[in-house]
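Chemist: Just passing along the structure, written as structure tokens.
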Amino acid sequence: METTSLLSFPSSKPPPARTLTHFQPANPFSLSFHTTHKTSISHRPITIKSAISRTKKEETVETVKTQLENCYLLAAIKYKGFTVKQFQDLRRSLPESSTLIVAKNTLVYKAIENTPWEALKPCMKGMNAWLFVHSEAIPEALKPYRDFQKEKKLENEFTGAVFEGKFYGPGDFKQLETMPSRAEVYAKILGALQGPAIGLVGTLQAPARDVVMVLKAYVQKLEEESSGQ
């Protein structure tokens, strides 16, 4: 029997092209490293900004509390309409015993809450500049702003003030601006003591605050005279 040998030759037909299959997850964004990285970075500035904002608020509250120490009067001035230059000029015109700052009502109220200064609550609206007076000479402390207001023709009025725990509205400032000076108090008490008895009676019929101021001034005068002998 004739045996036929079968020889295998390479096929001239090119092999089928291989198709490269790209791996695609079910959720195309689940393995997106770029997206995850951007998300983490985008949140970081917000966190830092919030921390800085919170710190500034706390510093403002502490600043107000510090200014309230040895403060005789706290007044609010309508701030809207002031230019930066006007505000700077106003600050320079004030005596050293007065301080003017701008702070949000919420932060100021947080500082004065549960204190006698809380009577200033009616002023907690709009934008205010806050005048802290660290002197018993109230009229002298308020006069620079009145002069500045007149010179610059400003309509920014006092929105209120607290003095000795009492609230003074915009229409009550005349009482504060006409309070007697220390020299006037001295003259009043000396005149009452050296004059007829009716003068002393008239002094005692004055408001309690005036009587206290008068007696305090007289006691101080006697102490000074006794120490000088």
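The values are calculated or read from the model by the stated rules, or taken from the named source; none is laboratory data. Quantities reported herein were computed from a predicted structural model and do not represent experimental measurements. Positions of Cβ are generated from backbone atoms using ideal geometry, with glycine treated the same way; all protein chains shown enter the neighbour counts. Remember, those area values only see protein heavy atoms, side chains included, never the ligands or the DNA or RNA. Shrake-Rupley method; radii C 1.70, N 1.55, O 1.52, S 1.80 Å.
Chemist: Applying the selection to region 126-136, what residues are under 17 Å from Val61 (Cα atoms) and either hydroxyl-bearing (Ser, Thr, Tyr) or assigned to a loop (DSSP other than H, G, I, E, B) (or both)?
Modeler: Met127
Chemist: Quick check: anything in region 54-71 surrounded by fewer than 19 Cβ atoms within 10 Å (Cβ to Cβ) and touching a Pro at 6+ places or on another chain (Cβ under 9 Å)?
Modeler: The answer is no, given that none of the residues of region 54-71 is surrounded by fewer than 19 Cβ atoms within 10 Å (Cβ to Cβ) and touching a Pro at 6+ places or on another chain (Cβ under 9 Å).
Chemist: Also: Name the pairs: first residue in region 136-150 and farther than 13 Å from Gln175 by Cα and in contact (Cβ under 8 Å) with a residue 24 or more places away in the chain, second residue open to solvent by less than 70 Å² (accessible area, probe 1.4 Å) and outside any helix (DSSP H, G or I), Cβ to Cβ under 6 Å, at least 6 apart or on different chains?
Modeler: Ala141/Ser98; Ala141/Val133; Ala141/Ser135; Pro144/Leu94
So that you can scan it fast, the table gives a plain yes or no per residue for (1) over 16 Å from Leu68 (Cβ atoms); (2) not basic (Lys, Arg):
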residue: Lys85; (1), (2): yes, no
residue: Leu94; (1), (2): yes, yes
residue: Ser98; (1), (2): no, yes
residue: Tyr145; (1), (2): yes, yes
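Chemist: Just to be sure before I move on: is Phe148 surrounded by 16 or more Cβ atoms within 10 Å (Cβ to Cβ) and outside any helix (DSSP H, G or I) in the structure I sent? Explain how you work it out, then say what you get.
Modeler: Details: surrounded by 16 or more Cβ atoms within 10 Å (Cβ to Cβ): yes; outside any helix (DSSP H, G or I): no.
Answer is no for this residue.
Chemist: Same structure again: Checking Gly81 against (1) open to solvent by 50 Å² or more (accessible area, probe 1.4 Å); (2) modelled with pLDDT of 90 or more, which single condition isn't satisfied?
Modeler: The number of the failed condition is (2).
Chemist: Further question on the same structure: Return the residues of region 128-139 that are open to solvent by 10 Å² or more (accessible area, probe 1.4 Å) and touching a strand residue (DSSP E or B) at 6+ places or on another chain (Cβ under 9 Å); say none if nothing qualifies. Break it down into steps so the answer makes sense when it comes.
Modeler: So in region 128-139, the residues open to solvent by 10 Å² or more (accessible area, probe 1.4 Å) come out as 134-137, 139.
Those that are open to solvent by 10 Å² or more (accessible area, probe 1.4 Å) and touching a strand residue (DSSP E or B) at 6+ places or on another chain (Cβ under 9 Å): His134, Ser135.
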